[in-house]
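Remarks on the structure that follows.
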Amino acid sequence: MFKVPRIASTNGLLPILGAISILSLTSCSGYRWGSAKPEHLAGINSVCVAVVKNSTQIPRAAALATNSIADALTRDGTYRMTTLDRADAHLQAELRKIEYLQVRSTREDALRSEELEMKAHLNWVLVDTDNPTKILARGNATGTTRFFVDPNLQTARQSALVDSIKRATDSMIARFAEGF
């Protein structure tokens, strides 16, 4: 009955589409399959986490920091956590200092804080388990959080401590797991 006229053959479009697809694939040429470990830690597959040394006067801060390191290592997935006799490396950390800074004060009294900033400072060392004198990586990490001062300042500080330590340990794990 009705014949629909053919517009153009698609054979002329195939080379153009092929060139576009090849050019789009070259944008991924710098991507590497596999792990994102730093080159000097390529042979490390498992890590033992020691209990964090607490150099502050805050009770339970070492336990919070140790648990936060374990959680960050588990979330990252680059290294397996294991015992010291099976580990390739041993992570030792020290919670060096917790400091508070005033961010905002009340209008009536400049010495009365409305908002505080908490900084948790961690020093860490990753050592080889076969040769404990060989340091594989080391560094320091700082976690910062802000919180409002409420009538119960101790509760507000304790709640902020968990977040501040978590930010510091996440930074620490990213440093030796991914190199930045």
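A short reminder: the numbers here are calculations on the coordinates, not readings from a lab. Since we're looking at a predicted model, the values are computed, not measured. Glycine gets a Cβ as well: all are built from the backbone with ideal geometry, and neighbour counts include every protein chain shown.
Results, tabulated for the structure shown:
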item: Test for Arg175: is it basic (Lys, Arg), in contact (Cβ under 8 Å) with a residue 24 or more places away in the chain and over 29 Å from Ile44 (Cα atoms); result: no
item: Criterion: over 15 Å from Asp170 (Cα atoms), more than 16 Å from the chain's Cα centre (by Cα) and without any contact (Cβ under 8 Å) to a residue 40 or more places away in the chain - qualifying residue of Ala50, Ala62, Ala89; result: Ala62
item: Options Arg60, Arg107, Arg112: the member that is at positive phi and of a type in the set (D, E, K, R); result: Arg60
item: Hits in the stretch 131-147 (condition: more than 30 Å from Arg104 (Cα to Cα) and touching a residue at least 24 places away in the same chain (Cβ under 8 Å)); result: Pro132, Leu136, Ala137, Gly139
item: Top-ranked residue of the stretch 74-109 - restricted to ones that are polar (S, T, N, Q) and part of a loop (DSSP other than H, G, I, E, B), ranked as surrounded by the fewest Cβ atoms within 10 Å (Cβ to Cβ); result: Thr83
item: Failed condition for Asp128, given (1) loosely packed, with under 14 Cβ neighbours inside 10 Å; (2) among the acidic types (Asp, Glu); (3) within 14 Å of Ser46 (Cα to Cα); result: (1)
item: Residue in the stretch 148-165 that is within 21 Å of the chain's Cα centre (by Cα), assigned to a strand (DSSP E or B) and either free of Cβ contacts under 8 Å to residues at least 12 places away in the same chain or farther than 30 Å from Gly43 by Cβ (or both) present; result: no
